[in-house]
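Below: the structure, in structure tokens.
The values are calculated or read from the model by the stated rules, or taken from the named source; none is laboratory data. Note that the coordinates shown come from a computational prediction; the quantities given were computed from them, not determined experimentally. Positions of Cβ are backbone-derived with ideal geometry, glycine not excepted, and every protein chain shown enters the neighbour counts.
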């Protein structure tokens, strides 16, 4: 199992990067990275809310896998 931890952690890291870039609050998401602009600051609904919660879950998983990799 310990041989798969770095692979799983790398996959989660890439997914975290993608999810963070997809979030539109503040910097404008991927549009902000590629020159788009003009955002609307409202409440999170629909897909934005799911992306937000997925980011929290993947971040927590990333931390737990990093700690378990240090222990085992």
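Just a few scattered comments:
- Qualifying residue in region 6-20 (condition: over 16 Å from residue 64 (Cα atoms), in a helix (DSSP H, G or I) and at pLDDT below 90): no
Every residue, every condition in (1) on the phi > 0 side of the Ramachandran plot; (2) modelled with pLDDT of 95 or more; (3) over 16 Å from the mean Cα position of the chain (by Cα); (4) loosely packed, with under 14 Cβ neighbours inside 10 Å, yes or no:
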| residue | (1), (2), (3), (4) |
| --- | --- |
| 4 | no, no, yes, yes |
| 27 | no, no, no, no |
| 34 | no, no, yes, yes |
| 40 | no, no, yes, yes |
| 45 | no, no, yes, yes |
| 62 | no, yes, no, no |
| 71 | no, no, yes, yes |
